[in-house]
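What follows is one structure encoded as structure tokens, with my remarks underneath.
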Amino acid sequence: MDGKLVSRASDNTKGSDPEAAAWLVRLDSDGQARTRDAHEAWLAEDDRHARSFERAEEVWSMLPRAAAQSRVAESHGPRAASAPRWAMAACAALVMLAGAFILTRLPGNETFQTGPGEQAVERLADGSTASLDTMTRLSVEFDDARRALTLEEGEAVFDVAHDADRPFIVRAGKLQVRAVGTRFVVRNVGTDTSVTLLEGRIAVSRLDEDGRAEPVTIARGGRSLRTGERLRLTVDGEARSDRRAIEDVAAWRRGRVVFDDVPLGEAVGELNRYGGERLAVGSGVAGLAISGSFSTADPASFAEAVSTLHNLDVRKSGQTLVIESPPTQN
């Protein structure tokens, strides 16, 4: 796949808050140019440093006595002599308050997003991971009672850290998945809303117009998916289940996309999500069935394979490859 795979930790799981607090106090007590330069260098070392410093500033604003203490220190002697004791006390107070502040924030609200051709592995604050496919947007809201996530669009693989006291709940459209510790894939692309179980157990529900969850009964009976089983919600909310080969599930992690008797128009739409050379279909061919495994990084090879299979033409139109019926012979 022509794109990038990134691995990121939750902003709430890492940081240098005590160090950021120390820098804030140091800058307040020592305004020399070399101190400011050293601070800028520290910020440039790691993107997390800037976020930590912003949090420290936010906590600083919660210390109403800080400014007064600073003024008192200045009024009782030279800044160089009084600053160290004030700085040490303020830094200690800031770090203590920062710790309490961070605890109240954790795990907090976060949103993760990937663009065309990009994939990401996000490490969440509870130790779970979410592997995001291209063009995916995931909102996360954790608190002491629950772990709530919303897959607004795209596809993601969830590897859930076990926590019996806080269920892991993912919503996608009218679909809700509830887990404690397991692995599963959720997809929310256009009208395709589905969940596939990779390991463990999950409970699947359908959401009504008011957001209330109604347990879904699998067609074969029962309410629990089996490993490799996929449940899809139709546009009208009907639940349908089928089985998939585990290696085909989330094949995008290997740079592949797998189609099983999928209409050509739908297959083209899926490949276009990954960026690169765009594909389009001519009139009368969008419904042709496509099966096979294709590279997400090579749309041209897909177009050639389809044209050979169905005796079609591939025409270049600007930056787009158009798959269409051959011209009629007169």
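Roughly how many nanometres apart are two label points built 7 Å out from the Cα toward the Cβ at residue 144 and residue 235?
Result: 4.6 nm between the two label points.
Rounded to the nearest 0.05, what FRET efficiency is calculated for residue 246 and residue 41 with R0 set to 41 Å and r the Cβ-Cβ distance?
Working: r = 48 Å, r/R0 = 1.17.
Efficiency at R0 = 41 Å is approximately 0.30.
What spacing in nm lies between the two simple spin-label points modelled at residue 226 and residue 164, each 7 Å away from Cα in the Cβ direction?
Calculated label separation equals 2.7 nm.
For the range 191-205, just list the computed ³J(HN,Hα) in residue order, Karplus coefficients 6.51, -1.76 and 1.60, θ = phi - 60°, integers in Hz, with x standing in for Gly and Pro.
8, 8, 10, 7, 9, 10, 8, 9, 6, x, 9, 9, 10, 10, 10
Give the relative contact order (percent, whole number) for the range 108-247; include only Cα pairs under 8 Å separated by 6+ residues. Mind showing how you got there, number by number?
Numbers: 362 pairs, mean separation 20.8, N = 140.
That works out to 15 percent.
Which residues' amide hydrogens lie under 5 Å from the amide hydrogen of residue 180, considering only partners 5 or more residues apart or on another chain, with H built in the peptide plane?
Long-range HN contacts for residue 180: 168.
Hey, what do the phi angles of the range 135-148 turn into as Karplus ³J(HN,Hα) couplings, whole Hz, using 6.51/-1.76/1.60 and θ = phi - 60°, x for Gly and Pro?
Values per residue, Gly and Pro as x: 6, 10, 10, 10, 9, 10, 9, 10, 8, 5, 9, 7, 10, 10 Hz.
Assign unit charges at the C-beta atoms only (+1 for Lys and Arg, -1 for Asp and Glu), then state the dipole size of the range 108-247 relative to its Cα centre in Debye, rounded to the nearest 20. Please list the in-between numbers first.
On the way: 21 positive and 25 negative charges, 134 e Å.
Once rounded to the nearest 20, the dipole reads 640 debye.
Between residue 191 and residue 289, what length comes free when the chain is fully extended (0.36 nm per residue of separation minus the Cα-Cα distance, one decimal in nm)?
On the way: separation 98, 0.36 × 98 = 35.28 nm, distance 1.85 nm.
Stretched out fully, the residue 191 to residue 289 stretch lengthens by 33.4 nm.
What is the calculated FRET efficiency for residue 137 to residue 48, with r their C-beta to C-beta distance and R₀ = 25 Å, to the nearest 0.05?
Numbers: r = 22 Å, r/R0 = 0.89.
The formula returns an efficiency of 0.65 here.
Please give the contour-minus-distance gain from residue 311 to residue 210: 0.36 nm per residue of separation, less the Cα-Cα distance, rounded to one decimal in nm.
Working: separation 101, 0.36 × 101 = 36.36 nm, distance 4.91 nm.
Residue separation times 0.36 nm, minus the Cα-Cα distance, leaves 31.5 nm.
Sticking with the crude label model, points 7 Å out along Cα→Cβ, report the distance from residue 199 to residue 297 in nm, one decimal please.
Going by the 7 Å Cα→Cβ label model, 2.6 nm.
So what is Rg over Rh here for the range 207-295, counting just Cα atoms and using Kirkwood for Rh?
Details: Rg = 16.2 Å, Rh = 15.5 Å.
With Rh from the inverse mean 1/r over Cα pairs, Rg/Rh is 1.04.
Every number in this text was worked out from the coordinates using simple rules, so none of it is lab data. The structure displayed is predicted, hence computed values, not measured ones. FYI the Cβ positions are ideal-geometry reconstructions off the backbone, even for glycines, and counts take in every protein chain you see.
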